[in-house]
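Right, one structure below, let's go through it.
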Amino acid sequence: MKKISKRLVWLIGFFVLITSCRKTEVFYEKEDLKSAKGFYIINEGAFTMGNSSLSFYDFERNEITNDLFERINSRPLGDVFQNLKFYKGKGFLVVNNSAKIEVVDSASMRSIQTIEGFVSPKNIEFYKNKAFVTDLYSNVITVLNPETFEKIATIDVNGSTEDIVLSNNKLIVAVNQSVEYTEDNQQGILVINPETNQVEKYIKLSEGAIDVEIDYNNDIWVYCTGFWGNNALGKLYKLDGGNYTIKQSFDFGRLAYFGAPLRINSSKNKIYFALAAAGSYTQFDIYEIDIDAKVLPSEPLYSDAKRYVYGFQIDEVKDELIVLDAIDGTQKGEMLRVDMKTNSVKGIYGVGYFPSNIIFKY
Amino acid sequence: MQKIIGLIGCFCLSIIQVSADTQDSIAYSLELDTLLVKQSLSSNHISKSTVGDVLKSSSGVFVRTNTLGGVQSVSAQGLPPQYVQVLWNDVPVSSGMLGVADLSLFSIGYRQEVNYSSKSQEFVTGGLAGVVNIKNILNVDNGHLLRYKQSLGSFGQLSSGLYYEGASQRQSWSILLNYEQAKNDFSYNDYTVFPNVNRTQKYGKYNKWNIYPQWSMALKNGSHLYWYQEILSIHREIPPYLVSPNNLMNQNDIAVRQMIKWSKKKGDFEHSIRGLYVYQNLYYQDFVLNIERDNKENQGLLRYQGSFKFHSNWKFSFGNDIKISGVQTKNYHSVVKEYGWDAYMAMSFLPNENTHLKAMIKTATRSHLQWVLPFFVEATTYKGKNHEWKIWANISKDARFPTLNDRFWVPGGKEDLRTETSINSTSGVSFNHLMNEKWEWKHQIDIFFNKVSNMILWLPTNRGYFQPSNEGKVLAYGFNVEQSINWIKGFNKISLKADYSFHRSGNIQKKQQNDKTQWVQLPYYPIHSGKLSMIYSWKNLSLDIDGQTYSQRFVTRDAGVYIPAYTVLNASIAYLQKIKSIELEGKMTFHNILNDYYEEVKYRPMPGINYLFTLLITWKHEKN
C-alpha cells in the first residue's frame with residue numbers, strides 16, 4: 001500500500017510538473033476584454049474548412065488568446081473570416097463563405113446577432129448609422145442599419161467589391177473584375193455618396209483592385225493584384241483624394257495577389273505593402289514607401305524565405321512590424337513581432353489558420 | 001468449414017456468405033493472399049444501398065460520407081481516398097480528374113462481389129493503399145427468378161426495386177431496376193458545438209434511380225461473351241455546413257458503365273478482350289483538397305473522360321509447378337489525348353503443396369510521364385489439415401500517376417509533376433479452428449507498412465492560387481485483428497465477428513522549421529477503429545446487431561481541428577417465410593440506436609436514431 005501511495009505521489013507530481021510547464025492561454029471572461037489593450041488577429045481559415053477564428057494579443061500580458069469567438073459563444077465562427085470593424089460598441093465580423101456577419105458586443109465579444117442573407121460579404125464600413133457591406137460574388141453593396149441589423153438598401157455595381165473605406169465623407173470602394181473575368185466588368189475604384197447610396201464616380205485602374213488606404217494628404221492608395229487569366233501584372237496607384245485623378249502609379253512587374261496587401265502607419269505618412277518575391281512561388285516580402293516617393297523601393301523592409309507571409313500590420317507606437325505567417329495553409333499559423341529598428345524578432349505566437357489581418361485595440 | 005458457413009448463410013439473413021466462383025474471373029490472375037475483404041453483395045444486404053454502405057462494416061477499410069445518400073469515399077492503410085483504386089470488373093473506374101471514386105455511384109447488384117486487397121498491381125497502377133474491386137457474377141441457375149423490394153423509413157426514405165434473372169442452356173441474363181429517395185429532414189441535438197440546441201437538417205434530399213442489366217452467352221467455339229451495364233442517376237441537395245448555412249449546392253451525377261468481354265480458353269492459353277466505356281459526371285467536392293471551383297470553362301475541359309482499354313491475357317505453364325502469365329493494357333485518354341500502357345509478367349511457383357511463391361514485375365507509362373516499374377513478391381505457407389494455418393508475407397513497389405487535376409487544373413496544375421511511389425509490405429497469419437460440427441473459430445491478424453514518396457500536395461502560392469508539388473513523404477503502418485465465432489445447434493445459430501484496426505500514418509517530411517504537421521495522423525483517418533457484428537437466428541427469424549466505433553479524426557494536417565470519436569450501433573430483426581415457390585422476407589432495421597451525435601465530415605451532422613423497413617418478395621422457378 002505504501003509502495004502504491006509513493007508511486008501515486010510521484011505520478012501526481014509528474015503530472016503537475018508537465019501541466020505547469022505548459023503555457024496556459026488567457027481566457028477573457030465577461031468584461032475583462034474591455035480594459036485589455038492589444039490587437040485582434042483575423043484568422044481567415046481555409047476555404048470550406050470552417051476553421052476561421054479570432055485571436056487576441058494582449059500587450060500587457062504578452063499573451064495570446066486563440067478561438068476567442070468560439071470560446072465565448074460556444075460555437076464556431078464560420079468559413080473564411082474576412083474583416084472585423086467596430087461601431088458604437090459593437091463588433092461586426094464579416095464571415096465571407098458563411099455568407100453572414102456576426103455582431104458581437106465589443107466589450108465582451110458575446111454574440112448579439114447573426115446577419116444572414118448575403119452572397120459573399122467581404123468588407124464593411126460605417127457612416128452615420130449606416131453600414132455598407134461589399135460582396136465578392138454579387139453585384140451589389142448592401143446597406144444595413146447597424147442598430148436594427150435590417151437591410152435598408154442595395155447599391156448596384158458591376159464587379160466584385162473588395163475593400164471599402166471612408167474618405168472626405170465619400171465611400172471609396174475597390175472594385176474587381178470578379179472571378180469570371182469579363183471585359184465589361186469594372187476594375188478600379190468606385191466613389192459612393194453614403195447619403196444618397198449612389199455611385200458618383202468610377203475610376204478605371206488595372207486588374208485586381210483589392211485594397212485601399214487614405215494617407216495624410218487624403219490621397220487614395222489602391223493596390224491592384226493583376227490577373228493571372230490575362231497576364232496583367234500588379235500595380236500600386238496614388239489618386240488625388242479631391243478629384244480622383246491618378247497622381248502616381250507604380251508597376252510591380254509581377255502578379256501581386258495578397259489578401260490585405262496595403263497598410264499605412266498611424267501617422268499616415270508611410271505606406272506598406274506586400275509583394276511576391278521575384279522568382280519565388282511562396283514567398284512574400286514587405287516593402288515600405290514614403291507617401292511622396294516617386295519610385296518603388298528596391299529592398300524590402302522584411303523578407304524571410306522560410307515564412308509564408310499572409311498578413312501584416314505596422315505598430316508605430318511600439319515601432320514594430322507584426323507579421324502573420326500562414327506556414328503552408330494546412331496548419332495553424334504564427335504571429336511574429338518584429339522590431340522595426342533592428343529587424344529582430346521579439347516574439348513568436350501560435351495563432352489560427354491563415355492569419356490575414358490585424359485590428360488594433362487601444 | 002465451407003459447409004458450416006454455407007449453412008449459416010442459408011438461414012441468417014444478413015451474414016456474409018462465401019461467394020460462389022464466378023464465371024467472369026480472369027482465369028490467370030493471381031489470387032493474392034493479401035485479400036482482406038471479400039463480401040458477396042446480394043439480397044442479404046437488403047438494408048444497404050451502395051457498395052460504400054457494405055464496405056462500411058468491413059474491417060481494414062474506412063468509408064466516410066457527408067449525409068444519407070451523399071458522396072462516399074473509401075480509404076485504407078491510413079492514406080487518403082485517392083490512394084485506393086476502385087475497379088469495376090477488374091478495370092479502374094476512379095475519377096481521372098481527382099483520382100477518387102464516389103462509391104455512392106455504385107449500386108448493389110443482385111449478384112456481385114466486392115473485394116479489398118492491399119495490392120493488385122496486375123489490374124492497375126496507382127493503388128498505393130490497395131484496390132477495391134466490384135465484380136459482377138453471372139452464374140445464374142437454369143431457371144427464372146423475380147424479386148420485388150420495397151423499403152420505407154425515417155426522413156422520407158423510400159426505395160423500390162425489381163429484379164429479374166433467367167437462364168437457358170447457353171445464355172443467362174438479368175436486369176435490376178431501382179429507385180430510392182430520402183428527404184433527410186432530420187433533427188439533431190448538436191451538443192458538440194451548439195450546446196443544447198436542437199436543429200433540423202434541411203435541404204439534404206436526394207433521389208436516385210439505376211438500371212443494371214447483364215447478359216452472357218456461351219458460343220459454339222467454346223468462347224464466352226459477357227455484357228454488363230449500369231446506368232445510375234442521382235440528384236442530391238448537399239446539406240449546408242453548420243458554419244455556412246447558406247452554402248447549399250445541388251448536385252446531379254450520372255454514371256454509365258458498360259463492359260463487353262470475349263474470352264476463350266484453350267489448354268494453357270487464354271484470349272480475352274474486354275472493352276469498357278465509362279461516362280461519369282465527375283463534379284463533386286473533394287474532401288481533402290477542396291480544389292473544385294465553379295468555373296464553367298474549366299469544368300468543360302476536365303469534367304468528362306472516356307477511355308477504352310484492351311486486355312489480352314496469356315499464360316504458359318512449365319510442368320505443374322511454374323506458371324507465367326502476363327497482361328498488356330493500352331489506355332487512351334480522350335480528354336488529354338494521351339496514350340499509355342501497362343504490361344506485367346507474373347510468375348506463380350509451387351515448391352511443395354504447402355508453399356506458394358508469387359512474383360510480378362510490371363512496367364507502365366502515361367505518355368511523356370516517367371516510366372514506373374512496380375513489382376511484388378509474395379510467399380504463403382499453409383499448415384495443418386484443412387488449411388488451418390496460413391502465414392503470408394510480401395513486399396511490393398507501386399506508383400501512382402498524377403491526376404488530371406494535378407496536371408491540368410487551371411490555374412495551378414503542373415504538367416511536370418513526378419509520379420508518387422510507395423514501398424509497401426504486408427504480412428499476416430490466419431487460423432481456422434473447427435472444434436466440432438457445432439463450433440468454428442477464426443482468427444486473423446495482418447500488419448502493413450507503407451512508405452509513400454513524392455506525395456502530391458496542393459499548397460498556396462504567392463500567385464493567388466494553390467499549386468501541387470511532390471513535397472509529401474508519408475509513412476503508414478498498422479494492423480488489423482479479426483476474430484469470428486460461428487455456432488450451430490439445432491435451429492439456433494450464432495455468429496459473432498469482431499474487428500479492431502490500428503492504422504497510423506503521418507507526414508515525415510519537415511518542410512520548414514515551424515512545420516507542425518510532422519507525424520500527425522493524416523486528415524480524416526481514425527487511428528483506432530472497431531467493428532462488431534452479432535447475429536442470432538432461430539428457424540426463420542434472425543436478430544442482428546452491428547456497430548462501428550472510431551477514434552477521433554483530425555480534419556487538418558496539424559491536428560488543430562478534429563471530429564470527436566463516435567460509435568454507431570444498428571439493430572435489425574428479420575423474418576423469412578416460404579410459401580411454395582415464393583419467399584417473403586421482412587426486415588426492420590434501426591440505425592444508430594444509441595442516438596449518438598456524429599459527423600463523418602466536419603460540420604455535417606449524420607442522422608440520429610432512425611428506422612428502415614424492407615419487404616422482399618421473391619419468386620423462383622427452377623428447371624430440372
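The values are calculated or read from the model by the stated rules, or taken from the named source; none is laboratory data. None of the values given here were measured: they were computed from a predicted structure. Using ideal geometry, Cβ is built from the backbone for each residue, glycine included, and neighbour counts are taken over all protein chains shown. What goes into the accessible areas is simple: the full protein's heavy atoms, side chains included, and nothing from ligands, DNA or RNA. Shrake-Rupley method; radii C 1.70, N 1.55, O 1.52, S 1.80 Å.
Observations, loosely collected:
- Scanning segment A:294-314 for residues that are over 29 Å from A:Asn43 (Cβ atoms) and in contact (Cβ under 8 Å) with a residue 24 or more places away in the chain turns up A:Lys294, A:Val295, A:Leu296.
- Yes/no for A:Ala131 being more than 19 Å from A:Ala209 (Cβ to Cβ), free of Cβ contacts under 8 Å to residues at least 60 places away in the same chain and open to solvent by less than 10 Å² (accessible area, probe 1.4 Å): yes
- Within segment A:288-319, being open to solvent by 10 Å² or more (accessible area, probe 1.4 Å) and within 14 Å of chain B (Cβ to nearest Cβ) holds for A:Pro300, A:Ser303, A:Asp304, A:Ala305, A:Lys306, A:Arg307, A:Tyr308, A:Tyr310.
- The residues listed here are B:Ala559, B:Ala574; of these, the one that is small (Gly, Ala, Ser), under 30 Å from A:Asp328 (Cβ atoms) and either more than 14 Å from chain A (Cβ to nearest Cβ) or in a loop (DSSP other than H, G, I, E, B) (or both) is B:Ala559.
- Selection over segment B:569-609 of residues that are in contact (Cβ under 8 Å) with a residue 24 or more places away in the chain and closer than 20 Å to B:Val71 by Cα gives a count of 13.
- Listed by first and then second residue, the pairs linking a residue in segment A:251-267 that is within 14 Å of another protein chain (Cβ to nearest Cβ) to a residue that is open to solvent by less than 40 Å² (accessible area, probe 1.4 Å) and of a type in the set (Asp, Glu), with Cβ atoms under 9 Å apart and 6 or more places separating them unless they lie on different chains, are A:Phe258/A:Asp211; A:Gly259/A:Glu44; A:Gly259/A:Asp211; A:Ala260/A:Asp163; A:Ala260/A:Asp211; A:Pro261/A:Asp211.
- Leading residue by the ranking (farthest from B:Gly60 (Cα to Cα)) among those in segment B:529-556 that are outside any strand (DSSP E or B) and open to solvent by less than 20 Å² (accessible area, probe 1.4 Å): B:Thr556
- Some residue of segment B:157-177 being open to solvent by less than 30 Å² (accessible area, probe 1.4 Å), assigned to a strand (DSSP E or B) and aliphatic (A, V, I, L, M): yes
- Here A:Lys247 meets the list (1) part of a loop (DSSP other than H, G, I, E, B); (2) at pLDDT 95 or above; (3) of a type in the set (D, E, K, R) almost entirely, failing just condition (1).
- With a requirement of 1 or more residues that are of a type in the set (Phe, Trp, Tyr) and out of contact with any Ser or Thr (no Cβ under 8 Å at 6 or more places or on another chain), the strands (runs of 3 or more DSSP E) lying completely within segment A:165-239 that satisfy it span A:198-204, A:220-224.
- When the residues of segment B:404-461 are filtered to those that are under 30 Å from A:Tyr257 (Cα atoms) and among the hydroxyl-bearing types (Ser, Thr, Tyr), the one that is nearest to the other protein chains (Cβ to nearest Cβ) is B:Thr461.
- Checking A:Arg61 against (1) modelled with pLDDT of 85 or more; (2) within 23 Å of the chain's Cα centre (by Cα); (3) part of a loop (DSSP other than H, G, I, E, B), the condition it does not meet: (2)
- Residue-level check: of (1) surrounded by fewer than 17 Cβ atoms within 10 Å (Cβ to Cβ); (2) at pLDDT 95 or above, A:Asn168 misses just (2).
- Check on A:Leu236, within 24 Å of A:Leu321 (Cα to Cα), touching a Phe, Trp or Tyr at 6+ places or on another chain (Cβ under 8 Å) and either more than 14 Å from chain B (Cβ to nearest Cβ) or at pLDDT 95 or above (or both): yes
- Residue satisfying all of: in segment A:83-129; modelled with pLDDT of 95 or more and aromatic (Phe, Trp, Tyr); nearest to A:Ala36 (Cα to Cα) among these: A:Phe86
- B:Asp515 buried (at least 16 other Cβ atoms within 10 Å of the Cβ) and free of Cβ contacts under 8 Å to residues at least 12 places away in the same chain: yes
- For segment A:27-51, a residue qualifies if it is closer than 27 Å to A:Lys318 by Cβ and either among the hydrophobic types (A, V, I, L, M, F, W, C) or open to solvent by less than 10 Å² (accessible area, probe 1.4 Å) (or both), and the qualifying residues are A:Phe27, A:Tyr28, A:Leu33, A:Ala36, A:Gly38, A:Phe39, A:Tyr40, A:Ile41, A:Ile42, A:Asn43.
- Number of the condition not met by A:Gln198 [criteria: (1) surrounded by 21 or more Cβ atoms within 10 Å (Cβ to Cβ); (2) farther than 17 Å from A:Asn83 by Cα]: (1)
- Matching residues in segment B:492-517 - criterion: being part of a strand (DSSP E or B) and within 10 Å of another protein chain (Cβ to nearest Cβ): B:Asn507
- Test for B:Val132: is it open to solvent by less than 30 Å² (accessible area, probe 1.4 Å), part of a strand (DSSP E or B), within 30 Å of B:Leu475 (Cα to Cα) and out of contact with any Ser or Thr (no Cβ under 8 Å at 6 or more places or on another chain): yes
- Here A:Gln283 meets each of (1) open to solvent by less than 20 Å² (accessible area, probe 1.4 Å); (2) touching a Ser or Thr at 6+ places or on another chain (Cβ under 8 Å); (3) at the interface with chain B (Cβ under 9 Å from one of its Cβ atoms); (4) over 24 Å from A:Val95 (Cα atoms) with one exception, condition (1).
- Search result, residues across segment A:203-229 that are away from chain B (no Cβ under 12 Å) and out of contact with any strand residue (DSSP E or B) (no Cβ under 8 Å at 6 or more places or on another chain): A:Tyr216, A:Asn217
- Filter result for B:Ser542 (over 26 Å from B:Asp185 (Cβ atoms), hydroxyl-bearing (Ser, Thr, Tyr), away from chain A (no Cβ under 14 Å) and in contact (Cβ under 8 Å) with a residue 60 or more places away in the chain): yes
- The set of residues from segment B:383-398 being at pLDDT 75 or above, farther than 20 Å from B:Phe449 by Cα and either among the acidic types (Asp, Glu) or within 28 Å of the chain's Cα centre (by Cα) (or both) comprises B:Glu388, B:Trp389.
- Contact annotation: residue pairs with Cβ atoms under 6 Å, 6 or more positions apart or on different chains, pairing a residue in segment A:84-103 that is within 14 Å of another protein chain (Cβ to nearest Cβ) with a partner that is open to solvent by 30 Å² or more (accessible area, probe 1.4 Å), are A:Val94/A:Gln82; A:Asn96/A:Gln82; A:Ala99/B:Asn246; A:Lys100/A:Thr114; A:Lys100/A:Glu116; A:Glu102/A:Thr114.
- Flag if B:Val474 is closer than 24 Å to B:Tyr525 by Cα and within 14 Å of chain A (Cβ to nearest Cβ): yes
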